[in-house]
1. Could you please find all residues in segment 64-107 being outside any helix (DSSP H, G or I) and at pLDDT 85 or above?
2. May I ask you to list pairs of residues, at least six apart or on different chains, whose Cβ atoms are under 9 Å apart, with the first in segment 15-28 being surrounded by 10 or more Cβ atoms within 10 Å (Cβ to Cβ) and the second being outside any helix (DSSP H, G or I) and not aromatic (Phe, Trp, Tyr)?
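The values are calculated or read from the model by the stated rules, or taken from the named source; none is laboratory data. In this text the structure is predicted, and so the values were computed from the model without any measurement. Here the Cβ positions follow ideal geometry from the backbone for every residue, glycine too, while neighbour counts run over all protein chains shown.
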Amino acid sequence: MDTSFLSPGPITWAQVVALAAFLFALGKGADWVIGKLRTGTRDAVSPLTIDMAAVKIQIAAQTEALHNFKVEVARTYVTGDVITRLERRIDDLVSSVRDEMKETRQTMLKAITGRSPP
């Protein structure tokens, strides 16, 4: 068995450069692995992410409170008189649209057929 490679001897520059390249690559590999493991954690707990989540929760709570306020105002302050007036205005609007459509239909029939509809 040849054990000449185990014998002490002078180190060549090629061996020093190879050892430096190996150690550098080993360090970069370890840094890459650690970076991959920490990526999800860093993004999940960054201050901006936490602040944004808190703001979203506050907005949702305020939206719910506004909705509840609107419902309470509607229950408390909208009287039967207001609803009756609103229904009357809607009925007037529907009647007006019907009258306009009737007039438009008569005008179109007269233009197409040349005589007034019955």
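1. First, the residues of segment 64-107 that are outside any helix (DSSP H, G or I): 78-79.
Across segment 64-107, there are no qualifying residues.
2. Between residues of segment 15-28 that are surrounded by 10 or more Cβ atoms within 10 Å (Cβ to Cβ) and residues that are outside any helix (DSSP H, G or I) and not aromatic (Phe, Trp, Tyr), the close pairs are Leu19/Ile11.
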